[in-house]
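Have a look at the structure below, then the notes.
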Amino acid sequence: MGISSNQPLLLRAARGEVVDRPPVWMMRQAGRYMKAYRDLREKYPSFRERSEIPEVAIEVSLQPWKAFQPDGVILFSDIVTPLPGLGIDMDIAEGKGPIIHSPIRTLEQVNNLHDFDPEASLPFIKTILQSLRQEVGNQSTVLGFVGAPWTLAAYAVEGKGSKTYSVIKNMAFSEPAILHQLLSKFADAIANYARYQIDCGAQVVQLFDSWAGQLSPQDYDTFALPYQRQVFEQVKATHPDTPLIVLVSGSAGVLERMGQSGADIVQVDWSVDMADARQRLGKQMKVQGNLDPGVLFGSKEFIRDRIYDTVKKAGNWGHILNLGHGVLPTTPEENVAFFFETAKELKLAAV
Ligand code: CP3
């Protein structure tokens, strides 16, 4: 696919074209800080309903699009959404996150995981992504996303979110063969799922390895990086033109390693100065990020200054403007609106 100016800004920037301003979107841009979302949540109290009934998930995905016209519209879903299709039952509890009813603790459980067929187990994803593409046309880019093997394994093994990751680290550091088997199965399933999202209309896919920052760099090299690579290699083999983004939360110690994952774009969090991130990753690597989500609790002047600062440090090529992680639940909507307006008025030559 060649360079073509009728394609949306974020997709062009993600493919390495020189653009007039950095495209902008926000992780978790659909969600609790929006009144429209909280209202809809009253009508559909279960997260699985909100994310798996196509009309509801489409409406939620489009709420920030209608309010702020971001350059990227992300599918409203969750990283654990594909787990039931692998035979791992789950719920998402309000204020807590994913709950896995029968956590994976044995090799037998790993071997009994189902063969994953995204088309059969996640038909709603196709309806949602196709509708989002139709709705935004060439005005915005539709992003899909998947969880990375380590992070999904953390939920599957711990059974819920964790502060210490003691159960999965117990497995990693005493029975690594079981965990490697699980990670490899997850990597194949996730690659398959990412390809399915692309076939359904996702134009960029982000891999969330949110909890890989809980690993020491040497353990990251053993349990996270090889499986990120396994996912990216398989997706690239069939879909070489779809830009892929990698995210790790708390990534300052493993930033260079993220650049070795096979991703096209590294999401940078705010523990790293954007100028340092550029140096550490090299000028060939594209970046996304990296304002502290807390900046959106500041004054308008402060928000504007931080946008300028980040864009200046990122330079005039290969940058997608975003927060360093998801927008926080109590963020004033007015400040989110200001963030998008300010970002969209930028001219790179003038910064
Ligand atoms: O960015 C977007 O707008 C897309 C929506 C999205 C959700 N989850 C919706 C959601 C995305 C990209 C995710 C990914 C996800 N889910 C990650 C990776 C991103 C990250 O933060 O690093 C992780 C670790 C999860 C697991 C998960 N699901 C957590 C930790 C929680 C939050 C628990 C809480 O309530 O604080 C969830 C639930 C969830 N997923 C919510 C949303 C909007 C909040 C619940 C709700 O709105 O009712």
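The values are calculated or read from the model by the stated rules, or taken from the named source; none is laboratory data. The structure presented is a predicted model; accordingly, all values stated were derived computationally and were not measured. Cβ placement follows ideal geometry from the backbone for every residue including glycine, while neighbour counts extend to all protein chains displayed. With ligands, DNA and RNA removed, areas are computed over all heavy atoms of the protein, side chains included. Shrake-Rupley method; radii C 1.70, N 1.55, O 1.52, S 1.80 Å.
Miscellaneous remarks
- For the range 130-153, the residues whose amide N sits under 19 Å from a probe point set 7 Å from the Cα of SER102 along the beta carbon direction are 153.
- Counting only protein heavy atoms and using a 1.4 Å probe, the accessible area of LYS347 comes to about 120 Å².
- The modelled label-to-label distance for the pair ASN111/THR330, using points 7 Å beyond Cα in the direction of Cβ, is 5.1 nm.
- Local charge for GLN234 was computed over the other residues whose Cβ lies under 10 Å away, with Lys and Arg +1 and Asp and Glu -1, and equals +1.
- Top of ASP115, ASP292, ASP91 by mean-square fluctuation, Gaussian network on the chain, Cα under 10 Å: ASP115
- Magnitude of the charge dipole for the range 2-350, about its Cα centre and with charges confined to Cβ atoms of Lys, Arg (+1) and Asp, Glu (-1), is about 640 debye.
- Highest mobility in the GNM of the chain, judged by mean-square fluctuation with C-alpha springs under 10 Å and restricted to PRO176, PRO64, PRO54, is found for PRO176.
- Placing +1 on the Cβ of every Lys and Arg and -1 on the Cβ of every Asp and Glu, with nothing else charged, gives the range 150-249 a dipole about its Cα centre of roughly 180 debye.
- Beta bridges per DSSP with both ends in the chain, % antiparallel, nearest 5: 15 percent
- For the residue pairs LYS96/LYS283; LYS96/LYS286; LYS185/LYS236; LYS286/LYS347, the alpha carbons lie more than 27 Å apart in LYS96/LYS283; LYS96/LYS286.
- Computed over Cα pairs, the Kirkwood radius of the chain leads via Stokes-Einstein (1.002 mPa s, 20 °C) to a diffusion coefficient of 105 µm² per second.
- With all pairs of separate Cα atoms included, the range 1-65 yields a Kirkwood hydrodynamic radius of 14.0 Å.
- Between ASP199 and LYS312, the C-beta separation translates, for a Förster distance of 45 Å, into a calculated FRET efficiency of about 0.75.
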